[in-house]
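The values are calculated or read from the model by the stated rules, or taken from the named source; none is laboratory data. On a predicted model such as this, the values are computed, not experimentally measured, just so you know. Heads up, the Cβs are rebuilt from the backbone with ideal geometry, glycines too, and the neighbour counts pull from every protein chain shown. Note: areas computed on protein heavy atoms with side chains; ligands, DNA, RNA excluded. Shrake-Rupley method; radii C 1.70, N 1.55, O 1.52, S 1.80 Å.
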Amino acid sequence: MTSPPSYRILEYEKFQESAMVMSNASSPTNIFSTTQSSDKLKHHKTTLITTTSCGRPYFLLVVVSSAPYNAQKRRDIRLTWGVDSDLNSRWKTVFLVAQTRNRMESEALLQEGETFGDLIRADYYDDYWNQTLKIQMAFEWASKYCQFSFLLKMDDDVFVNTRALISLLKNPKTPGENLYIGLVYEPAKVQRYGKWQVSENEYNGTFYPPFCPGFGIVLSRDVVDTFVGLFNVLPRFRLDDVYIGMLANKIGVKPINNPNFELWPDNKDRCRFINSTLVRHTVTGDCLFKVYNEMLSYLSAVKG
């Protein structure tokens, strides 16, 4: 396996140090300052507490669901595919993080937020079954405070081939509106037993509306805006990806299946770069760096 090159770690640490200096400066020049306005907070319909903006338009806004204790995963994403180093950045990556009851984790998150300015925070305590709250606050933040064409919602154990994804989204055959794309579950039978069991009191149908599992979902800007307007209409459902499918069904948007959103890749391919891959689940740590470095080599060969 391939660990992150030492020079990249040094660059990251230098960036972290300079960012800390900026965050402690008396002049609030950082557009991702954590200062919040009580007037703005009053108008949030979700648990969102962050009021900072993207500062400039992006073609693709990437929102990553992350647990408070997953600092290492967030760091690895920042060191690999998460940051667009081009002068005219095409994508922006932020991390969705709720509150923690662990004091040390809470203090570390405050410092991380000040240092990198890429944490979007909510005022509820993080829990696996609160993921829908995280989705709602993410969509409201994006809708209120960012200009973007498309939004990728994903988890923090995922590799994204951002260039290939952007190429797909810029393809004239890809709809610019009413877009909901991922790995579609259809028919999506309701599970009455196991980890994702749902009682008949929660949902009395046999099948859910078609939906895409939440490890990677792309939505066009208009769909995100419309979803936010429905949060007070469609009651929150415990399974966040199913809830997105319910919202889409409510407005008549049908998900588009793309097999290059890879939920359970073969073990032989999981840590190997494949150019057709758009989003791949269960890629972290050394595996993530190996795939990323192979992608850089591939891009260099293509350009050369």
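Residues that are open to solvent by 30 Å² or more (accessible area, probe 1.4 Å), modelled with pLDDT of 95 or more and polar (S, T, N, Q) within segment 54-101 comprise GLN72, GLN99, listed in sequence order. Only one of the numbered conditions (1) touching an Asp or Glu at 6+ places or on another chain (Cβ under 9 Å); (2) open to solvent by 20 Å² or more (accessible area, probe 1.4 Å); (3) in a loop (DSSP other than H, G, I, E, B); (4) not aromatic (Phe, Trp, Tyr) is not met by PRO213, and that is (2).
This table checks each residue for (1) among the hydroxyl-bearing types (Ser, Thr, Tyr); (2) touching a strand residue (DSSP E or B) at 6+ places or on another chain (Cβ under 6 Å); (3) surrounded by fewer than 19 Cβ atoms within 10 Å (Cβ to Cβ).
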| residue | (1), (2), (3) |
| --- | --- |
| LYS254 | no, no, yes |
| GLU262 | no, yes, no |
| LYS268 | no, no, yes |
| CYS271 | no, no, no |
| ASN275 | no, no, yes |
| ARG280 | no, yes, no |
| LEU296 | no, no, yes |
| LEU299 | no, no, yes |
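Within segment 75-103, being outside any strand (DSSP E or B) and under 20 Å from ASP123 (Cβ atoms) holds for THR100, ARG101, ASN102, ARG103.
Residues in segment 181-212 that are at pLDDT 95 or above and either under 16 Å from VAL62 (Cα atoms) or hydrophobic (A, V, I, L, M, F, W, C) (or both): ILE181, GLY182, LEU183, VAL184, VAL190, VAL198, PHE207, PHE211, CYS212.
This table checks each residue for (1) charged (D, E, K, R); (2) farther than 23 Å from THR174 by Cα.
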residue: LEU239; (1), (2): no, yes
residue: ASN258; (1), (2): no, no
residue: LEU263; (1), (2): no, no
residue: ASP266; (1), (2): yes, yes
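Return yes or no: is LYS173 in a loop (DSSP other than H, G, I, E, B), open to solvent by 10 Å² or more (accessible area, probe 1.4 Å) and closer than 22 Å to LEU60 by Cβ? Against the criterion (in a loop (DSSP other than H, G, I, E, B), open to solvent by 10 Å² or more (accessible area, probe 1.4 Å) and closer than 22 Å to LEU60 by Cβ), LYS173 qualifies.
Name the helices (runs of 4 or more DSSP H) wholly within segment 220-290 that hold at least 3 residues that are under 26 Å from ARG78 (Cα atoms)? Once the helices (runs of 4 or more DSSP H) in segment 220-290 are filtered for at least 3 residues that are under 26 Å from ARG78 (Cα atoms), what remains is 267-270.
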